[in-house]
Amino acid sequence: MNVAYGDGDLEKYLTNAVAVSKEHPVVISKFIQEAKVRMLLPFLPLPLCHARGLIDVHVHLREPGATHKEDFSSGTAAALAGGVTLVCAMPNTNPAIVDAATLATAQKLAKAGCRCDYALYVGAASDNAAILPAVSSQTAGLKMYLNDTYSTLKMDNVSLWMEVGQALILGETLFFVVETILLIRAAKQRGVQVTCEVAPHHLFLCEDNVSAMGEGRAQVRPMLGAREDMEALWENLDIIDCFATDHAPHSVEEKSGERPPPGYPGLETMLPLLLTAVSDGRLTLDDIVLRLYDNPRTPAWAEPFTKSKWTPFQGVKVKGKVLRVVLRGEVAYIDGQVSTLRKELLSRNRSNTAALWRLLRSGPPEPTGTERSG
Ligand SMILES: [Zn+2]
């Protein structure tokens, strides 16, 4: 341990901590129902800060099928070491997760091995469009591989999927140039429901780094871009919704072999890299929390509650949202979920209209109110 900063409740924190050191500047702590991350910023006036446990929506944990590369246990240990407390694991395993049976197998393995929270994607194939909606509630979403990558799930025809409206669909682009990020900006400005995820290796590495890494180890999809591509990401940070590692581990032997598979491990290095960018003044801590906690848990395409499934404000950027509503002492809405427990209580109270008006006129009814983020 190598800790020296004035923080009153650090002792309490350390009883739950995994690691603190200047070499590994992240502390994880899991309290009763919430996960938090503490980040040590040795070069900033604020040396220690804490945030919610981070959410990585794009990892490959290789189990089942390639556990010499990674498994649920080692992958989620890496997640915790990187400040990530919820991972969303991709379905390009062996067998691939494409139906209820393969999902059940993977869930069993994940339950046995995972050291942090997890959710599993299912993969789109040419013949499973009809069966996946039945299991969609048990998944993180639907992954479509639209191009060649490290996968047995490449799709040649997506038209079958156009009718499966309820599924949350994640696509992935393999070309990575300045024009792509500008295309996403233009789409967002037109109100198209598109979100954009960027991996730290595309923010911190470019083709200038390939020779030092070696051609084989440098293989990744999308391939590292030119320096101007990398800079374009920083310049357009405002339209990037999430950071995600695309943690894609392969063994050293494989990466050094004749046909090196694409992908880098990233879970343990993401946060230290991003904190370095904070120290360099290129990012703020809020930028990190927004893209690794707030946005991943609140997809931009979340279904509205109203039956009128549209808004005249489609595509308008706003700077506040309701986090929690407490109604007569009861939590009625929190983090995008409406409480289902309160109906009887509320209807009983609502029925006495005269009493309700008396309450409202007599001043602020104590525990009722809303919270708004700024
Ligand atoms: Zn991936």
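Rule-based calculations on the coordinates, nothing more; no lab input. As the structure is a computational prediction, the values presented were derived from the model and not from experiment. All Cβ positions, even for glycine, are placed from backbone atoms using ideal geometry, and neighbour counts span all protein chains on display.
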> Taking into account only those residues within segment 86-104 that are closer than 25 Å to F243 by Cα and polar (S, T, N, Q), which is farthest from the ligand (Cβ to nearest atom)?
Replying inline: T93
>> Can you pull out every residue in segment 210-245 that is surrounded by fewer than 18 Cβ atoms within 10 Å (Cβ to Cβ) and touching a His at 6+ places or on another chain (Cβ under 9 Å)?
In response: none
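Yes/no per residue for (1) touching a Cys at 6+ places or on another chain (Cβ under 6 Å); (2) within 16 Å of the ligand (Cβ to nearest atom); (3) assigned to a helix (DSSP H, G or I):
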{"residue": "I181", "(1), (2), (3)": "no, no, yes"}
{"residue": "Q193", "(1), (2), (3)": "no, no, no"}
{"residue": "H202", "(1), (2), (3)": "no, yes, yes"}
{"residue": "D208", "(1), (2), (3)": "no, no, yes"}
{"residue": "R221", "(1), (2), (3)": "no, yes, no"}
{"residue": "A232", "(1), (2), (3)": "no, no, yes"}
{"residue": "E253", "(1), (2), (3)": "no, no, yes"}
{"residue": "E258", "(1), (2), (3)": "no, no, no"}
{"residue": "P262", "(1), (2), (3)": "no, yes, no"}
> So how many residues does segment 209-239 have that are touching a Ser or Thr at 6+ places or on another chain (Cβ under 9 Å) and under 26 Å from G75 (Cα atoms)?
Replying inline: 6
> Within segment 117-132, how many residues turn out to be hydroxyl-bearing (S, T, Y) and touching a strand residue (DSSP E or B) at 6+ places or on another chain (Cβ under 9 Å)?
Replying inline: 2
